[in-house]
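The values are calculated or read from the model by the stated rules, or taken from the named source; none is laboratory data. Here the structure is a predicted model, which means the values were calculated and not measured. Please note: Cβ atoms are built from the backbone with ideal geometry, for glycine as well, and neighbour counts cover all protein chains shown. Heavy atoms of the whole protein, side chains included, go into the accessibility calculation; ligands, DNA and RNA do not. Shrake-Rupley method; radii C 1.70, N 1.55, O 1.52, S 1.80 Å.
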Amino acid sequence: MEQREDVVIVGAGVIGLASALALLESGRSVRVIDAGRVGGGSSHGNCGTITPSHAPPLAAPGVVVRALRWMLTPDAPLYVAPRFDPALWSWLLRFAVRCNDRDWRSSARAKSAILNDSRDRLADWVRDYDLACEFAHSGEDYVFRDPHEFEHFQDEVGFLRELGVRVDVVDGRTYELMEPALKPGVAGAIRFDGDAVLRPDRYVGELARVVRARGGTIVEHCAFTGVRDDGDGVRVSTAQGDIAAREMVMALGAWSPKLANAIGAPALKSAIQPGKGYSITYSTPSRVPRRPLVLRERQVCVTSWESGFRLGSTMEFSGYDDTLNPRRLAALERGASEYLHEPYGAQKQEQWFGWRPMSCDDVPIIGRVPGNERVIVATGHGMMGVSMSAATGQLVADLVVGRRPDLDPAPYGIERFS
């Protein structure tokens, strides 16, 4: 008799592996497949901050005007490469429609719920599974050099506190005494004591270790090509042959639009665009910030671990362009140099880019596919995949098992794009 897995998960990034772990802990057998290798996508090179503070979505009032101004600046923090791309322009239109206060607040509440759940759950996973990923309850700071930008951001502080985010506002002179890694000229800082940090590539590697240790199977270089109902469950087609399973989870991140038709979810093609991010990892400078920083005017994230030092961020909409753009990498270093006495280490260890799955409302897409109920999608996490991973994994497991989730699944359903 043919062996049938309980669940096949397509995608061995942070979302797929977190889902696998939660399913295994729920008593389900799991096989994870990936066209490449474990953690080979955007899970690898991001800045590793765990950020309930990042609940406000990218689709915010005023962003459209700023983005149009930046379109002619290839090293701007948010850049849309001018080109004929109907899917991109359709996505941008849907994004622009949501750049109003009502939708901004609605998306922020949905993001906040999953970020807060995941923050606590992830800390428990690190402890319970002994994940060696340099996790720390670090907090995070937004640093401003422009007094007007600093004042403007304070308009969000009250709303963030409503969402349960711990926020402190610190004047520039005081903050310079608190953080000697910064050059003079700080206008002020916003401090978030509830945020945390980890080394993302090591976190993903540790998730894979625990999944295997608990009986899960991970198959690399096994591309997904399609899925069909076979009466008793689903038959998942791959480059290495078919796999029989009761259910399937698609956690393909930025590749989700390319395989949307294969799972009967064409809405994903217009709901998600790949947002290209960059990072540079160095040996550790002699003087590093005490906490992870976001250098707000330049939108550069600064993270330091025992094993290295990373500058990252930027958002580029250029499709699936797979070139490492030196101009955008240089913008990270140039931005850090404006703020930090030692903006990078002596040795450059890695230059990286990855595509984040950006949904047009900046809220993840998690739930069963209408008309294909044995397939669950878990994608669209944008820049928050690591931050949202543990909560997403638990929600996927709850949907499969049929438990009442701790997290209300309604705001994340794919039906909102129908």
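Any chance you could check the Cα centroid distance between the stretch 345-418 and the stretch 1-45 for me, in angstrom?
14 Å
Can you tell me the length gained on complete extension of the stretch ARG403 to ASP124, counting 0.36 nm per residue apart and subtracting the Cα distance?
Result for the pair: 98.4 nm of gain on full extension.
Give the shape of the stretch 69-190 as rounded, prolate or oblate, defined through the alpha-carbon gyration tensor: a ≥ b ≥ c are the square roots of its eigenvalues, a/c under 1.5 means rounded, and otherwise the shape is prolate if a/b is larger than b/c and oblate if not.
oblate
By a straight-distance test (C-alpha under 27 Å), which lysines pair with LYS269 as possible cross-link partners, with residues fewer than eight away in the same chain excluded?
Here the lysines satisfying the reach criterion relative to LYS269 are LYS111, LYS258.
Using only helices, what value at 222 nm comes out for the chain when you add -39,500 (n - 2.57) per DSSP H run of length 4 or more and divide by the total residues, to the nearest 500 deg cm²/dmol?
It comes out at -9500 deg cm²/dmol, rounded to the nearest 500.
Taking θ = phi - 60°, what integer Hz values does the Karplus form 6.51 cos²θ - 1.76 cosθ + 1.60 yield along the stretch 379-395, in sequence order, with x for Gly and Pro?
8, x, 7, x, 8, 10, x, 5, 4, 9, 5, 5, 5, 5, x, 5, 5
Mind listing the lone cysteines of the chain, meaning no other Cys beta-carbon sits under 4.7 Å from theirs?
CYS99, CYS133, CYS222, CYS360
Taking only Cα atoms and a 10 Å spring cutoff, compute GNM fluctuations for the chain and point out the largest among GLY264, GLY382, GLY231.
GLY231
Expressed as a whole percentage, what fraction of the accessible surface of the chain belongs to carbon and sulfur atoms when a 1.4 Å probe is rolled over the protein heavy atoms?
Answer for the chain is 49 percent, counting heavy atoms of protein chains only.
Please report the spacing between the Cα centers of the stretch 89-129 and the stretch 261-279 in Å, no decimals.
17 Å
Which value, in debye to the nearest 20, describes the size of the charge dipole of the stretch 5-417 about its Cα centre when Lys and Arg Cβ atoms bear +1, Asp and Glu Cβ atoms bear -1, and nothing else is charged?
I would put it at about 520 debye.
Could you pull out every residue, at least 5 positions away or on a different chain, whose amide H is within less than 5 Å of the one on LYS183? Hs are placed 1.01 Å off N in the peptide plane, and Pro or chain starts have none.
LEU340, HIS341
Once the piece of chain linking VAL157 and SER283 is laid out straight, how much longer is it, given 0.36 nm per residue of separation minus the C-alpha distance between them?
41.9 nm
Over 38 Å, how big is the tail of the calculated P(r) for the chain, in percent of all Cα pairs?
For the chain, the share of Cα pairs beyond 38 Å comes to 17 percent.
Straight-line reach only, C-alpha to C-alpha below 14 angstrom: list the aspartates and glutamates that LYS348 could link to, leaving out same-chain residues fewer than 8 apart.
GLU333
Please work out the average accessible area per residue across the chain, using the 1.4 Å probe convention, and give it in Å².
Here the per-residue accessible area is 40 Å².
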